[in-house]
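> Once you've had a glance at the structure underneath, I'll fire off some questions.
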Amino acid sequence: MTPASHDVAAAIGTDERRMHVRAYNYWVSLLDGRDFPSIEDLEPGDVSDFSGNSVLLDFTCGRDNPALPYVGTAVRDECGLSDDIATIADVPSGSLLSRLTDHYLQIIANRAPIGFEAEFANPHGESICYRGILMPFSSDGDTIDFIYGVINWKNGAAKPVPANDVVRAQLAPLAEPVDEMVGVSEPLADQAAEEFAAPVNAEGAGLADRLCAARETAESVKAGEGRTRAALYRALSLAYDFAVAAREKPEDYAELLEESGVKAQARAPMTPVVKLVFGIGYDKARLTEFAAALAYGSREGVAAGDFEQFIGGQAGGLKALVTAERQARRPQARPDDSAEASRSKLRASAPISLAAIAGDDEFIIVVARRDGDGGYQPVAALADKVLVDRAIRKAA
């Protein structure tokens, strides 16, 4: 990260970063198993936590000049907007709102939330440090035709800063669609991601900042459909570092869990971590794998900052760690004397008549014993609903 971008993050501070954590968590809470939340579930004016700092873009009439059905009061006051502002074209050039709306095409390209922070000089020559997040919404479950944004800002240095001095995408996945759109090559994109990740994971970094860094990289993985293994391993490494830091700051961790609606799990402590990082609506099977990999790293005593090298050095990578953790959890097999005793009992049992089986159940389980002639004789009938349902699913 450049000194200027570090100054931006320091100027805005942790509380405002948490606003965007809460905004992201709110977006996730509306997913309900879908790719995008429904616009029907969003009432911008009712989200009291950040309604004044939010804006809604409507693309149902076209992408070139989306409508602005909602602009929060704090944004209106900062930008000096009139009541008749209706579309992006009405947004004053160089205003704070224009900085937010400049990023909306990245949402369309990546189909995932993006975040960014920067510093610029407004039309009055004042230096403004700002941080924003844009989140997609849909009216049909597939098309991104609405975008909800939240932005916060503070006055920066007294001297003006060039408007294009620092712009850094945080949650924006540095994947191929964005690379093509802004002309960034993959090596440069990787370098930018690494520069951003380093400061927030330095000694003394806040737990919320570490979570943001991990989420940002996780979003790039999700938006890129797992396109690069390196990006996934980087996201898991940041998640592992967050987990290590969380153990040292249990109160802050508990607060983040509560804000996100995630429950702590004593028997599976890494599961809440990966839910925080990748989102509670992410594929459950993948979350289970990620948690197992992190748990194995902890079992092996991997230090903070070393997990990416640890997973990359395994033959088989992520799958190898998952397998190793599952084997480590598996209890030692013990001889099952009761099973053999049960078999001996059924060997000596007299055959039963199927016609004589009592009850009116539609399905039952019949246990048959092979006789000396190669045929089968029924020796027991079970009507246990759980066992019957399991057997039906297997048979079907």
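The values are calculated or read from the model by the stated rules, or taken from the named source; none is laboratory data. Keep in mind that what you see is a predicted model, and the values were worked out from it rather than measured. Positions of Cβ are generated from backbone atoms using ideal geometry, with glycine treated the same way; all protein chains shown enter the neighbour counts. Please note that ligands, DNA and RNA were not included when accessible areas were found on the heavy atoms of the full protein model with its side chains. Shrake-Rupley method; radii C 1.70, N 1.55, O 1.52, S 1.80 Å.
> Leaving ligands, DNA and RNA out of it, report the carbon-plus-sulfur percent of the accessible area of segment 265-396 at a 1.4 Å probe.
Values: 4620 of 8990 Å².
On segment 265-396, the fraction of accessible area on carbon and sulfur atoms equals 51 percent.
> Residues of segment 43-68 with the amide nitrogen closer than 20 Å to a label point 7 Å from the Cα of Asp142, along Cα-to-Cβ, please.
Residues passing the 20 Å test: 59-63.
> Please turn the phi angles of segment 18-27 into ³J(HN,Hα) values with the Karplus equation 6.51 cos²θ - 1.76 cosθ + 1.60 (θ = phi - 60°), one per residue in order, whole Hz, x for glycine and proline.
5, 4, 7, 5, 5, 5, 5, 4, 4, 4
> Filter Lys222/Lys275; Lys284/Lys319; Lys345/Lys385 down to the pairs with a C-alpha to C-alpha distance above 19 Å, please.
From the list (Lys222/Lys275; Lys284/Lys319; Lys345/Lys385), the Cα-Cα distance tops 19 Å for Lys345/Lys385.
> How would you order 388-395, 299-306, 64-71, 128-135 from highest to lowest mean count of nearby Cβ atoms within 10 Å? Walk me through the numbers on the way to the answer.
Details: 388-395: 11.0, 299-306: 13.4, 64-71: 16.1, 128-135: 25.0.
Top to bottom by mean Cβ count within 10 Å: 128-135, 64-71, 299-306, 388-395.
> Something else now. For segment 240-318, which chymotrypsin sites (Phe, Trp or Tyr not before Pro) are in a loop by DSSP, counting at most 10 other Cβ atoms within 10 Å?
Numbers: sites: Tyr240, Phe242, Tyr253, Phe278, Tyr282, Phe290, Tyr296, Phe307, Phe310; in loops: Tyr282.
Filter output for segment 240-318: empty list.
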